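Data first, discussion second: the structure below is written as structure tokens.
The values are calculated or read from the model by the stated rules, or taken from the named source; none is laboratory data. Since the structure is predicted, the reported quantities are computational estimates derived from the model, not experimental observations. Cβ coordinates were reconstructed from backbone atoms using ideal geometry, including for glycine residues, and neighbour counts include every protein chain displayed. Accessible surface is based on the protein model in full, side chains and every heavy atom, while ligands, DNA and RNA are left aside. Shrake-Rupley method; radii C 1.70, N 1.55, O 1.52, S 1.80 Å.
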Amino acid sequence: MSDTGSGTGTAIDEADPDYGLVEGALDVHVHTAPDLVERFQHDVALAHRVREAGLRGAVVKSHVVPTAGRVELANEAVGERVLHGGVALNGSVGGVNPDAAEVALDLGATVVWLPTAWSHNHASQARAAGVERFVGQRVPDAEEDLHVTEDGELTAATRRVLDLVAEHDAVLGTGHVAPAAIETVVDACADAGARCLVNHPFFRVLDLSVEQQAALADRGAVMEFCGYAVQSTEGHTVERVARAVERIGADRCLLATDFGQASNPPVEGLASFASALVDAGLERETVRKLVAETPVDLLGL
């Protein structure tokens, strides 16, 4: 469980990027500087590149700080709202903290992510593998792990976060919480009328089966297939993503990159990922929907 992984990303890396595929696209999962680790570019550079390439926009995610306010500076710099922000509810913002979620939402957050590296699911796997830091942040001790459910039900704090997301017409991302918790969250979102995004379901700390993903999609969630998960998860391939899209349907799936690592340019990565999926057998119109229709619909743009 390293920061960079050692996966099989050659299909994405070798695909010739077709920028026509990503015209008007929205990448809902991009990492930028400033951060605790080196990133490919800072917010303003990403905003310029998104606009130059003809994308609709990108959602900037940080594991450690809210991005909802800071993206507005980048948007002002380019004179257009191309970047969107949010908050990941890890230890650095007080964990599953409704106050942190509410402030981010009031600042215009489009996504609130449940715990990622500080979730019990991810942190326990990291400790078992002897990992002390993940993307620059320390791995918590066992007593600090963040839980979103208790006895199969949402905790009071998680419930309040979900209600805030619904009130602000935003999106709740499932982060890196365990598969059983994801099911509980998806059901609760359906009951509350909140939009729910299952983050990188094939990523190594989750690795949900296609049938599990299809069941979650049937309950209203959208599956987020990320290029970085292909790169960093052993046995995961572009072809696996293509077959999942065929099983689940493009109206309940989207493509994102989770890029921004020092060697992973997000815009170029999205174009290459989309092109690789066409090479893997998906219709061009389907891939266009995955990058330019479903994510835009999900964020209500």
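Any residue that is within 25 Å of residue 40 (Cα to Cα), of a type in the set (D, E, K, R) and either open to solvent by 40 Å² or more (accessible area, probe 1.4 Å) or more than 18 Å from the chain's Cα centre (by Cα) (or both) - is there at least one of those in the range 270-279? No, that holds for no residue.
The residues on offer are 103, 50, and the sole one that is open to solvent by less than 10 Å² (accessible area, probe 1.4 Å) and within 23 Å of residue 298 (Cβ to Cβ) is 50.
Scanning the range 185-195 for any residue that is more than 19 Å from residue 91 (Cα to Cα), open to solvent by 10 Å² or more (accessible area, probe 1.4 Å), in contact (Cβ under 8 Å) with a residue 12 or more places away in the chain and among the β-branched types (Val, Ile, Thr) turns up nothing. Taken together, the residues in the range 280-300 that are open to solvent by 20 Å² or more (accessible area, probe 1.4 Å) and over 17 Å from the mean Cα position of the chain (by Cα) amount to 7. Of everything in the range 255-269 that's hydrophobic (A, V, I, L, M, F, W, C) and outside any helix (DSSP H, G or I), which residue is surrounded by the fewest Cβ atoms within 10 Å (Cβ to Cβ)? Per the stated criteria, the residue is 262. Considering each of 141, 106, 145, 151 in turn, give the residue that is of a type outside the set (Val, Ile, Thr) and touching a Ser or Thr at 6+ places or on another chain (Cβ under 9 Å). Testing whether each residue is of a type outside the set (Val, Ile, Thr) and touching a Ser or Thr at 6+ places or on another chain (Cβ under 9 Å) leaves just 145.
Does residue 251 qualify as being surrounded by fewer than 20 Cβ atoms within 10 Å (Cβ to Cβ) and either free of Cβ contacts under 8 Å to residues at least 24 places away in the same chain or assigned to a loop (DSSP other than H, G, I, E, B) (or both)?
Criteria not met by residue 251.
Against the test of being crowded, with 17+ Cβ neighbours inside 10 Å and more than 22 Å from residue 223 (Cα to Cα), the options 181, 126, 117 yield a single qualifying residue, 126.
With a requirement of 3 or more residues that are more than 21 Å from residue 27 (Cα to Cα), the helices (runs of 4 or more DSSP H) lying completely within the range 115-234 that satisfy it span 120-128, 156-167, 179-192, 210-218. For the range 204-235, the set of residues classified as buried (at least 22 other Cβ atoms within 10 Å of the Cβ) and either of a type in the set (S, T, N, Q) or more than 17 Å from the chain's Cα centre (by Cα) (or both) consists of 213, 231, 232, 233, listed by residue number.
Close contacts from the range 9-23, counting a first residue that is open to solvent by 40 Å² or more (accessible area, probe 1.4 Å) and a second that is of a type in the set (Lys, Arg) and at pLDDT 95 or above, with Cβ to Cβ under 7 Å and a gap of 6+ residues or different chains, come to none at all.
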